[in-house]
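For reference, the structure is listed below as structure tokens.
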Amino acid sequence: MWQITPITIGLTLATLLNLLVTLLAWQRRQTKLGQYFAYAMLGISIWTLAAGLGYTAVPLSWKIFFATIETWGYMSAMPLLTLVAMLFAGNIKWAEKTPVKALLLFISITSILLVTTNGLHGWVWDGFVESNNNVVIFEHGPAFQFIAISGYVLIGVILLHLLVAVWKGSLIARRQGIFLLAATLLPVAANLAYHAALGGMAGVDWTSVTYSITAAIYLWALTGPRLLDLIPIARRQLLDNLTDGMIALDKDGRIVDTNATVSKMLNIEQPPPTGSSINNLLPMAAELLTSPPEVETRREIQIPQAPNRYFELGLSPIRDEHQQIIGRLLVLSDITLRKEKELRLLQLTQAVEQSPVSVFITDLNANILYVNPRFTALTGYSQEEVLGRNARMFQSGQTSTQTYREMWQTLLAGQIWHGEFLNSKKNGELYWESAVIGPVLDEGRKILNFIATKQDITEQKLAQSALQNANTMLAEQLEEIKTLQASLKEQVIRDPLTQLYNRRFLHEILEQEFLQAERIGQSVSIVLVDIDHFKRINDIYGHSAGDACLITLANYLQDTKRRADICFRYGGEEFLILLPNTSLEGALHYAEALRKGIEQWACHYDDQTIMITASLGVATFPIDGDSDMQIINRADEALYAAKKEGRNRVTAWQALAS
């Protein structure tokens, strides 16, 4: 029934090597390239195993059966290796096209069906001739030519993409491409020798053995620069949904990964090649890269690809699980709207500097902080003489006490005061001035400063109406300045899509909440909420529907939260709810009620009803950690566990820890 020969020993060793490579590739399957390579290696392992069993088996029927299994493995692996080559060469757009995948699937399924049904038609093998060493020569029918040509076409596509990578790629890509080219040509040579009956062993096909060597070289070439090990940087779904461009670099400044936003921001059709220098993509990043790798730096830039827009470029280190720096992360943020507002604020500031009326700003005690040039020209005092001094220095004693009393009552009530003073210049000369004084308020209507605009009306007192128009205009400018200031501050801490607070504000407030809770002996809990299968919503209904779901869910979280709770958009389809003065038990009760509510809730978009579920992770300060990042990370671990356990559930970190 079975006969051990030198051929079977070689194939057994090849199978063991393939299984080892498959295991190593499977551990790096987090990316598309890694997934395709891991599944291809599984097919090659099946191929070599079946080949070894075929050369060992004695009955002809068994040899035919194992030859059929060989084809299953071979024709499963070749289309996947084709996709690996396309992704390696940077041809991501074509590799992910449905027609391309359909064509590869057609070739694979057609070949497998022809071989599997050969007993019915004999189109693939129409005869079998026994040879030495338990070898049977399979005589080929007309359909075998289709299978062989299909295999060589796929090999040709692989070689073509590897040549493109060698020709157009960076130094590291060329070096890897040369290794991959050599590795790919090895099984081609072995297969040609088999068909030409070279080597003195007719009927013995060493192609599967040489593919084992090829697979090992592939794994070494691809994992050397960590091309398959990208998941520590970020989850692909989260990265591609961020509004900021993300570029991961290795320690030598070479591009390891980018998200889809980078291509949109830079107006490029294809992502930059893996392994290429960041200087080719963003030359202005070179200055940032000269800083120590552990230092986070930022700068504002403009790029030729988008000359009418402004960007902020941030650089921070990427660390592994041992906190060792393995690369750097460039974050490209579009700040055009903010820059336009800052430009408008600058224009208004210049208007105040060049204003024909005097302007000065004081603190809450009327100590002078700023005066414009017109003020110094009118009063005769220089800026150095008045800054830090109290505004009482201009009083002549001839303005009624009632006027000042009414002024302070109005200002401290948060309102704008209009009035007239008879004041004294540096030389003692008296002059009348009409004043508009208003408080500068923060978002909580707390008074920060007072700002006054004044005009000399000694000779123009009768022209009151004209003066009033000028003061009104300046008052409107002041209101616009306050509005712009408030808008700029709100923009910094709000997510532009959902209008929830963003991650930056989370880190500002979380430490304060923990300090207060620690001081009074209370607990603070956080709940991380992640929409299940959000990518599927985007794929089925479109990104606009996905955005609508995010906005609607954000509104739902706001409507159902308690008064003291604070909702944040943590990133992508993740939300975070801060629960002050809430124990772990209370947080779990809240999270479960929220989960059930989301499960029964629906998003309505364009006459479509989209049902969603969510997974929730819960962590509580101080029992789960003593820092904001530790609590967030543990809530994230709990969320990941909820996803892993089947989604649509609530998991507390305490449950994982126990």
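The values are calculated or read from the model by the stated rules, or taken from the named source; none is laboratory data. Fair warning: this is a prediction, and the values are worked out from it, not measured in the lab. Here the Cβ positions follow ideal geometry from the backbone for every residue, glycine too, while neighbour counts run over all protein chains shown. Heads up: the accessible areas ignore ligands, DNA and RNA and are worked out on the full protein's heavy atoms, side chains in. Shrake-Rupley method; radii C 1.70, N 1.55, O 1.52, S 1.80 Å.
Give me the accessible area per residue for region 340-404, probe 1.4 Å, as a whole number in Å². Could you put the intermediate results ahead of the total?
On the way: 3550 Å² over 65 residues.
Heavy-atom accessible area per residue stands at 55 Å².
Could you report region 38-148's accessible area per residue, 1.4 Å probe, as an integer in Å²? All intermediate terms of the calculation are to be shown ahead of the outcome.
Working: 5030 Å² over 111 residues.
Per-residue accessible area for region 38-148 comes out at 45 Å².
Measure off, as a whole percent, the carbon and sulfur share of the 1.4 Å-probe accessible area of region 373-441, all protein chains present.
Details: 1690 of 3580 Å².
Of all accessible area on region 373-441, carbon and sulfur atoms account for 47 percent.
Leaving out same-chain residues fewer than 8 places away, which lysines sit with a Cα under 28 Å from that of K425?
K454, K461
Where in region 334-405 are there trypsin sites (Lys or Arg not before Pro) that are in a DSSP coil and have at most 14 other Cβ atoms within 10 angstrom of their Cβ? Walk me through the intermediate numbers first.
Working: sites: R338, K339, K341, R344, R374, R389, R392, R405; in loops: R389.
The qualifying sites are R389.
Compute the label zone of D126 within region 142-158: residues whose backbone N is under 18 Å from the point 7 Å along Cα-to-Cβ.
142-149, by backbone N distance to the label point.
Using Stokes-Einstein with the Kirkwood hydrodynamic radius over Cα pairs, what translational diffusion coefficient do you get for region 264-396 at 37 °C and a viscosity of 0.692 mPa s, in µm²/s rounded to a whole number? Let's see the in-between values first.
Numbers: Rh = 19.4 Å.
Rounded, D is 169 µm²/s.
Which lysines, if any, have their Cα less than 24 Å from the Cα of K264, not counting same-chain residues under 8 positions apart?
Of all the lysines, those that pass the test against K264 - Cα under 24 Å, at least 8 places apart if same chain - are K32, K93, K97, K168, K339, K341, K535.
Percent of accessible area on region 260-312 owned by carbon and sulfur, 1.4 Å probe?
Numbers: 1540 of 3080 Å².
Carbon-and-sulfur percentage of accessible area, whole number: 50.
Which whole-number value in Å³ per residue fits the convex hull of the alpha carbons of region 258-333? Let's see the in-between values first.
On the way: hull volume 7.4 nm³, N = 76.
Spelled out: Cα convex hull of region 258-333, divided by residues, is 97 Å³.
If you stretched the chain out fully between M611 and Q145, how much longer would it get, using 0.36 nm times the residue separation minus the C-alpha to C-alpha distance? Before the final figure, lay out each step's value.
Details: separation 466, 0.36 × 466 = 167.76 nm, distance 5.06 nm.
Length difference between fully extended and current span is 162.7 nm.
For the pair A260 and Y152, what calculated FRET efficiency results from E = 1/(1 + (r/R0)^6), where r is the Cβ-Cβ distance and R0 = 41 Å, to the nearest 0.05? Write out the running numbers ahead of the final one.
Numbers: r = 35 Å, r/R0 = 0.85.
For Y152 and A260, the calculated efficiency is 0.70.
Rounded to the nearest 0.05, what FRET efficiency do L185 and L105 have when you use their Cβ-Cβ distance and R0 = 35 Å? Please report the intermediate quantities before stating the final value.
Numbers: r = 26 Å, r/R0 = 0.74.
For R0 = 35 Å, the calculated efficiency reads 0.85.
Extending each Cα 7 Å along its Cβ direction at Q402 and S382, get the distance between those two points in nm, one decimal.
Taking the simple label geometry, Q402 and S382 are separated by 4.2 nm.
Among 519-530, 33-44, 258-269, 284-295, how do they line up from the highest to the lowest mean number of other beta-carbon atoms within 10 Å? If you can, show how the numbers build up before the last one.
Working: 519-530: 19.9, 33-44: 23.4, 258-269: 16.4, 284-295: 13.1.
Peptide ranking by packing, descending: 33-44, 519-530, 258-269, 284-295.
Put +1 on the Cβ of each Lys and Arg and -1 on the Cβ of each Asp and Glu in region 26-162; which of V124, W26, L113 then has its Cα farthest toward the positive end of the dipole?
It is W26, whose Cα lies furthest towards the positive end.
Run the paramagnetic zone check for N427: 7 angstrom along Cα to Cβ, then residues of region 368-392 with backbone nitrogen under 18 Å.
374-383
So what does R319 come to for accessible area, using a 1.4 Å probe and Å² rounded to 10?
100 Å²
What distance in nm separates the simple spin-label points at E300 and N555, each placed 7 Å from Cα in the Cβ direction?
Output for this residue pair reads 3.5 nm.
Starting from the Cα of E287, step 7 Å along the direction of its Cβ; do the same at Q415; then give the gap between the two resulting points in nm.
5.1 nm
Between M629 and I92, take the C-beta separation as r, use R0 = 30 Å, and let me know the FRET efficiency to the nearest 0.05. Provide the component values of the computation, followed by the final result.
Details: r = 34 Å, r/R0 = 1.12.
Efficiency at R0 = 30 Å is approximately 0.35.
Please state the equivalent ellipsoid semi-axes for region 528-620: what are the square roots of 5 times the Cα gyration tensor eigenvalues, largest first, in whole Å?
On the way: eigenvalues 122, 29, 27 Å².
They are 25, 12, 12 Å, listed from largest to smallest.
What length, rounded to one decimal in nm, is gained on full extension from A657 through to R519, with 0.36 nm per residue of separation minus their alpha-carbon distance?
Values: separation 138, 0.36 × 138 = 49.68 nm, distance 2.58 nm.
Using 0.36 nm per residue and subtracting the Cα-Cα distance, I get 47.1 nm.
Taking 0.36 nm per residue of separation and subtracting the Cα-Cα distance, what length does fully extending I509 through E592 add?
Details: separation 83, 0.36 × 83 = 29.88 nm, distance 2.49 nm.
Length gained between I509 and E592: 27.4 nm.
For region 504-518, in order, what is each residue's ³J(HN,Hα) by Karplus, 6.51 cos²θ - 1.76 cosθ + 1.60 with θ = phi - 60°, in whole Hz (x at glycine and Pro)?
Taking θ as phi minus 60°, the curve returns 4, 5, 4, 5, 5, 8, 5, 5, 4, 5, 5, 5, 5, 5, 5 Hz for region 504-518.
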